[in-house]
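In what follows, a structure is listed as structure tokens, so that the remarks can point back to it.
Please treat every number below as a calculation from the coordinates, not as lab data. No experiment lies behind these values; they were computed from the predicted model shown. Ideal geometry is used to build each Cβ from the backbone, glycine not excepted, and the neighbour counts take in all protein chains shown.
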Amino acid sequence: MKEDMAKLEQVKAVGCPDEATLTAYLSGALKEEQARAVEEHAATCHLCLENIRAGHLSDKLYGEKALPESSDGLTRKAKGVAKMKSNRVIQRNLWLVAAISAFSLSFTVPKYFAQFLVAALILGLKWVSESEGIRTLIVSMDAKRRHEQGKEEAPKWRR
Amino acid sequence: MDFADRDSPSSEELIKNCIKKDKRAWDIFVERYSKVVFWAIRDRLKRFGYNFDEGDIEDIHQDVFISLWSDNKLAQVKDRSRVAGWLAMVAGNAAIDYFKKMKRQSPPNSLSLYEEIYKSGDGGDKTLEDVLPSQDAGPGKRAHLNDIFELVDSAINSLKPKEKIVVKLNLLHGMRHRDIAEALKMPVNTVSTTIARAKEDLKVKLRRKGIKDLS
């Protein structure tokens with residue numbers, strides 16, 4: 001019985017409207033025909049009904065300023081998503097440009113060939129370590145990797 | 001500086017600037033909506049009965065904001081004045097995806113989902129509890145529950161899709177009449193009448209099955 005219901009729900013879940021469509025349904029912004037299609041689906045899909053519930057309640061609680069605050073740490077990390085990306089690009093490019101410059105100089109100034117080559121090697125290692133060594137970067141990259149994997153294997157019931 | 005209570009810039013303007021990768025706008029957006037994402041993740045995991053900790057919430061929270069920034073997911077928002085609702089759905093779905101991907105746990109089927117909602121006392125008032133047999137049904141309760149879920153389906157089969165949504169949101173998802181009316185843009189009286197009619201039909205069907213101890 002339970003397995004049958006699970007199978008049934010899986011079948012029903014295929015072709016769920018996306019979040020934007022459900023939000024438009026809640027705000028009454030869909031055309032009559034589209035709204036009817038959403039209703040026909042949602043009437044038999046417990047996940048879409050959960051989304052309708054969550055969408056309405058969160059809008060209401062947000063409007064009433066009744067939502068519990070998230071921690072400062074969470075907010076800081078989320079803000080860092082934007083900064084992390086640009087800082088990372090600048091830092092990586094900086095060390096990389098320095099390493100390439102030292103490598104080029106080792107050929108243009110033969111007198112200091114070995115010194116510039118060593119400098120290029122050190123700067124290259126710095127580039128590698130800086131781009132991989134920051135803990136927050138690793139955490140963020142890990143989260144991003146998981147996110148991208150999730151996208152590749154997107155569950156059918158959400159699409 | 002606390003941006004959370006600021007009404008300016010408007011959410012429309014904020015989203016437009018976040019899509020353009022304006023970092024100042026992003027900071028304000030995060031301050032304003034971090035709590036929505038946090039609430040939605042916790043709410044979904046709790047209602048679905050997942051065994052989670054703060055680390056899971058932190059990971060999912062970060063995943064959601066990465067998808068908003070890196071994938072420009074905010075561009076999908078059609079009604080930018082209602083971004084909180086959209087964000088809550090995105091966060092709830094991200095929570096399910098996370099548990100499927102990282103913990104190999106599928107979302108519960110409808111039966112166990114409803115059991116979880118009522119077990120946690122999150123079902124609001126005047127909901128499934130009203131139509132369930134008495135709580136001390138003992139070992140037979142599971143069978144009773146199966147019967148009841150089948151009967152709920154059969155009792156609302158004759159209803160139109162929108163009426164089915166009304167009844168299910170109340171009886172199975174624990175939403176109050178007023179909230180359903182607000183969400184679906186219907187008069188509260190219509191919602192209450194639809195639910196009362198479905199409950200009456202359900203009671204008749206339960207009585208035929210020999211279940212009489214309804215509240």
Based on other C-beta atoms within 10 Å, arrange A:F113, B:F48, B:F65 from fewest to most. A:F113, B:F48, B:F65
Classified through the alpha carbon gyration tensor (a ≥ b ≥ c as square roots of its eigenvalues; rounded if a/c is under 1.5, else prolate when a/b is larger than b/c, else oblate), segment B:36-85 comes out oblate
Given B:K21/B:K185; B:K23/B:K78; A:K144/B:K103; A:K77/A:K126; A:K60/A:K144, the pairs whose alpha carbons are separated by over 28 Å: B:K21/B:K185; A:K60/A:K144
Quick one: if you take sqrt(5λ) for each eigenvalue of the C-alpha gyration tensor of segment B:7-102, what semi-axes come out, biggest first, whole angstrom? 24, 13, 11
7 Å from Cα along Cα→Cβ at both A:E69 and A:A114: what's the point-to-point distance in nm? 6.1 nm
